[in-house]
Amino acid sequence: MLLLPVSGCSTSGISAEELIVTGSTTLLPIAEVSGEMFSQRNEDVKVLVSGLGSSAGIESVAKGSSDIGTSSRDLKDEEASLDLYDTPVAYDAIAVIVNPDNGVDELTSEEVRLIFNGTYENWAELGGDDMRIGLVNRDEASGTREAFYKIVMLETPFDRKAAVLPGTGQVRSVVAEAPGAIGYISLGFVNDEVKMIAVDGVLPSEETVVSGTYPIQRTLHFFTVGEPAGDAARFIEFVLSDEVQLGLVREAGFTPITEGTD
Amino acid sequence: MNKRLANRIALATLYAAAGITVSVLFAVIVYVFINGIGQLSLSFIFTWPHGVNAEGGIWPTIVSTLYVTVLAMLIVTPIAILAAVYLAEYAVQGRLVSTIRFAADSLASVPSIVMGLFGLALFVEALQIGFSMLSAALALSFLMLPIVMRTTEEAIRAVPKYIRWGSYGLGATKWQTVRRTVLPAAMPRIITGIILATGRAVGETAVVIYTMGQAINLPVTPLDSGRPMTVHLYLLAMDGINLPAAYGTALLLMILILVFNLGARYFLRRSSRRM
Amino acid sequence: MTEQPTRDPIEQSVTGQQAENAPPGTHHGELRLMSRSTYIREAALKNLFLLCAFVAVMGVVLIIAFVGWRGWPIFAVEGVGGFLLGREWNPTDAIFGILPLIYGSFLVMAGALVIGTPLAVGTAVFLSEIASPRVRSIVRPAVELLAGIPSVIYGFFGLVILRPLVAQATDGLGFGAVTAWFILAIMIVPTIATLSEDALRSIPNGIREASYAMGATTWQTIYKVLIPAAAVGIIDAIILGMGRAIGETMAVLMVVGNAPVFPESISDPIATLTTQIVMDMPYASGDHRTALFGMAIILFVVSMGLVATVRFLSRFQTRLDGR
């Protein structure tokens, strides 16, 4: 998400209306790039996107300082009273990946947690070859790490001896090369250089994500006050279009929300 | 052991040391060249990156790099040259001069990340210039200052005394002498120093990452933010999804550095011919 | 500020071009004593130049002031000992001990020096004592160019080329001190080599000739005569190389693996002071951010200390030489 251009291609519209989108940094790539595409086609609307975190997004849309609040988590109990309208825009599923030569195919989410907190140190303890486990973690600013921390680690600490890499592609290529390595990346970035682990017996795929059987996933939301209307509705409609869902959403490593609806 | 044999072995080792040093240089250059050349095209240089993985070109990062470098050069050159004039022509050895030299040496060895945090604290936050070309250029100029100062001072000292005598003999004042004879005579070597310092600024990452911002933007005014090529390369390399663009950026960066170094060498050669 | 020299400056002054270039009407009066206004102008200019030279001092003072101002509170929060000697760096739980990071910086620097110094001093000796002028005119620019290559490119090279090789050799991930050693060693070679060469070349030729006249071989001359004679210069060069190694950020960041712990082996992920600053800056706030500035204070103090050491050694040598 650090690779985004700030919408620097200025739109020619002089009195363009502003559509303010605030919230999750995880959703920043989708919101920003689709906002830019949207502005290019609808020169009367300028989409202004900022990533301040999900809570800030929910608060800001509820207060009316933004038109759309983006969030990588569901509403908390205390936020339920805000009466926000929820439009799910994508799934963020996280695949646990190992080297293709690793004999282990399947782990429980408990085992994954114990691997990442340093309890297991050798693949032999998990039915694999006698090989040291090489932990690859993401940096603390990463949304993927945040999700993994909540869903898998249940908010308990990671092993601090793990290598910390600030990018998905690096995690993937390190795991692809080092026989004992294990890491996690967004499902959309998995390629055949690495092997996905079936967690609790379920291999991640767009089907198992949409059906909700794959455990390590979360839904990404756009929140509006009441049902979206006007420019906000047009923008959300654009984000839900096949062009964004099958293009941008997949490029950003997420799973399209529209896949299972037909 | 036979002293001749010992001599041979030792000399072979020294050859090897120099050989390793030079071959490492070539390995790095050749590696970047081979992997980057396929990526290089006019559209890579002149278009914007787009999409979530920064496909396309790197034009705004090139502009940001050149913008901040030129700005830093404009800030640092007059100050550094006049400072060097003071040290070489006016100063009397003493506590003041030795303080200035110690400060310049310290500045030259400040870790670049410290300079980056300093720029963030002073220019971006305290002076509220924000993430901008100006903040980055100011931070960079502190890094370039000692380099330009030192080379300029050496250049001025290398100007033969008799040139000054000629000027004084004609009745020129000290400043007239410096301005009209000493500085012109020293100019090629001064330019060499400026180019070398500028090359350093082009390749700098840690200083600019916290002073210029990281969002891709085409800077127009000095108060605009941007992302230089080095930061772009760092982010591409660490993200690891779009490596071809990383190689392309690395190659362009390398070419810029080579141009600066060869340029510096050209001016240096010209000056040694003249003297 | 000054016009480009369009012709040989020597010729220019000797043939009297100088007078032609002077502002009209002034060159007659210059044979007289300086006029009052000229005197004032000259004095004002001198002070302006002094002011410019003082910008360097101002820079150091500003760095101390602003980095110090932002980082100092952490010493109050954690205590100097708690901060410097704390064995755990864990910002999530607000534990800010930087000993593992200091250890990481030291480990990385020490290994790089062990690998880089022989290479650099060897290259310096080669350049000053063995290479023909022709060979030297190729090798010396190459060494200088090595210094000009941006550290992100070294880091990138280390990440994509060196790291996988280390991974294969050690059965680990390839992130760790070893990888950083090799990358940093390359990066400090130019610093040490060029400064050492300068030290060697400043030895008067008579000393070499005396040694050869006694029947010494080139190697005997080098290690019994020249290296001892240039020792202080070479040590200075190594100290400055040390500074470069401790302060290097991007290249190290890309290959150490960024785990802020005491590593079990040299091929396990570690973090250094510089790398932890870059990793944490994007999300740090409050005491955490203050601690990062506190680490910058440490780095600055160390680098100034090294520069001061070099100055002290040089002064020491001048005194010895004078005797």
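Taken together, the values in this text are just the output of simple stated rules run on the coordinates, not laboratory data. Computed from a predicted structure; not experimentally measured. Note that we place each Cβ from the backbone using ideal geometry, even for glycine, and neighbour counts take in every protein chain shown.
Where Rh is the Kirkwood radius over the Cα pairs of the range B:126-248, the temperature 4 °C and the viscosity 1.567 mPa s, what D in µm²/s does Stokes-Einstein return?
My calculation gives 75 µm²/s for D.
Who wins for biggest fluctuation among C:ALA53, C:ALA291, C:ALA110 in a Gaussian network model of chain C, springs between alpha carbons below 10 Å?
C:ALA53
Run the dipole for the range B:104-187 about the Cα centre, Lys and Arg Cβ at +1, Asp and Glu Cβ at -1, nothing else charged, and hand back the magnitude in debye, nearest 20.
In total the dipole reaches around 580 debye.
Summarise the long-distance tail of P(r) for chain B by giving the % of C-alpha pairs beyond 33 Å.
Across chain B, Cα pairs with separations above 33 Å total 36 percent.
Comparing C:SER267, C:SER128, C:SER137, which has the greatest mean-square fluctuation in the GNM of chain C with Cα pairs linked when under 10 Å apart?
C:SER137
Report, ordered by chain and residue number, the lysines lying within cross-link reach of B:LYS3, taken as a straight Cα distance under 21 Å and ignoring same-chain residues fewer than 8 apart.
C:LYS224
Using Cα centres only, tell me the gap between the range C:33-60 and the range C:209-230 in whole Å.
48 Å
If amide H atoms are built 1.01 Å from N in the plane of the peptide, which residues on other chains or at least 5 residues away come under 5 Å of the amide H of A:GLU17?
A:VAL45, A:LYS46
Restricting the calculation to Cα positions, tell me the Rg (one decimal) and the Dmax (whole number) of the range A:47-117 in Å.
Values for the range A:47-117 (Cα only, Rg and Dmax): 18.2, 53 Å.
Whole-Hz ³J(HN,Hα) for each residue in the range B:242-247, computed from phi via Karplus 6.51 cos²θ - 1.76 cosθ + 1.60 with θ = phi - 60°, x for glycine and proline: what do you get?
Each residue of the range B:242-247 in turn: 10, 5, x, 5, 5, 4 Hz.
Give the cross-link partners of A:LYS46 among the lysines, using a straight C-alpha distance below 24 Å as the criterion and excluding same-chain residues fewer than 8 apart.
A:LYS63
Considering amide H positions built from the backbone, and no H for Pro or chain starts, which residues 5 or more places from A:TYR184, or on another chain, come under 5 Å of its amide H?
It is A:ILE97, by chain and number.
So how tilted is helix A:54-63 from the main axis of chain A? Cα-based, degrees 0 to 90, rounded to 10.
Helix A:54-63 sits at roughly 20 degrees to that axis.
Rounded to whole Å, give me the distance from the Cα center of the range C:274-290 to that of the range B:51-127.
Centre-to-centre distance over Cα atoms comes out at 23 Å.
Just want to confirm a number: the relative contact order over chain C, from Cα pairs under 8 angstrom separated by 6+ residues, in percent.
23 percent
Would you kindly compute the Cα radius of gyration of the protein assembly as shown and its largest Cα-Cα separation (Dmax), both in Å?
30.2, 100
What residue among B:LEU127, B:LEU87, B:LEU243 has the largest mean-square fluctuation in a Gaussian network model of chain B, using Cα springs under 10 Å?
B:LEU127
According to the square roots a ≥ b ≥ c of the eigenvalues of the Cα gyration tensor, what is the shape class of the range A:145-262, taking rounded for a/c under 1.5, prolate for a/b larger than b/c otherwise, and oblate for the remainder?
prolate
Could you grab the relative contact order for chain B? Cα pairs under 8 Å, six or more apart, rounded to a whole percent.
26 percent
So what's the Cα pair-distance distribution over chain A, bin width 5 Å, in %?
Histogram of Cα-Cα distances, whole percents per bin: 1, 6, 13, 16, 17, 15, 11, 9, 6, 3, 2, 1, 0, 0.
Assign one of three labels to the range A:78-224, namely rounded, prolate or oblate, based on the Cα gyration tensor with a ≥ b ≥ c the square roots of its eigenvalues; rounded applies when a/c is under 1.5, prolate when it is not and a/b is larger than b/c, and oblate otherwise.
prolate
For the range C:71-168, run through the GluC sites (Glu not before Pro) and keep only the ones in DSSP coil with at most 16 other Cβ atoms within 10 Å of their Cβ.
C:GLU88
Angle between the Cα long axis of helix A:230-239 and the longest principal axis of chain A, 0 to 90 degrees, nearest 10?
Computed tilt is about 30 degrees.
Around A:ASP200, which amide H atoms from residues at least 5 apart in sequence, or from another chain, sit under 5 Å from its own amide H, with H modelled in the peptide plane?
A:LEU107, A:THR108, A:SER109
Among C:ILE74, A:ILE68, which comes first, second and so on when ranked by fewest other beta-carbon atoms within 10 Å?
C:ILE74, A:ILE68
Take every Cα-Cα distance within the range C:222-298, group them into 5 Å bins from 0 onward, and report for each bin the whole-number percent of pairs it holds.
Per 5 Å bin, starting at 0, the Cα pair percentages come out as 3, 13, 17, 17, 14, 10, 8, 8, 5, 2, 1, 0.
For every helix of n ≥ 4 consecutive DSSP H residues, a contribution of -39,500 (n - 2.57) applies; sum these over the protein assembly as shown, divide by its total residues, and give [θ] at 222 nm rounded to the nearest 500 deg cm²/dmol.
Rounded to the nearest 500, it is -18000 deg cm²/dmol.
Scan chain A and report its longest stretch carrying no GluC sites (Glu not before Pro) that are both in a DSSP loop and have at most 15 other Cβ atoms within 10 Å.
A:44-120
Among rounded, prolate and oblate, which fits chain C when a ≥ b ≥ c are the square roots of the eigenvalues of its C-alpha gyration tensor, a/c under 1.5 means rounded, and a/b larger than b/c means prolate?
Because a/c hits 1.5 or more and a/b fails to exceed b/c, chain C counts as oblate.
Would you mind ranking B:PHE44, B:PHE26, B:PHE33 by Cβ crowding within 10 Å, fewest neighbours first?
Taking fewest neighbouring Cβ atoms as first place, the list is B:PHE26, B:PHE33, B:PHE44.
Using a Cα-Cα cut-off of under 16 Å, which lysines could be cross-linked to A:LYS150, ignoring same-chain neighbours fewer than 8 residues away?
A:LYS76
Tell me the relative contact order for chain A as a rounded percent, counting alpha carbon contacts under 8 Å between residues six or more apart.
Once divided by the residue count of chain A, the mean separation gives 26 percent.
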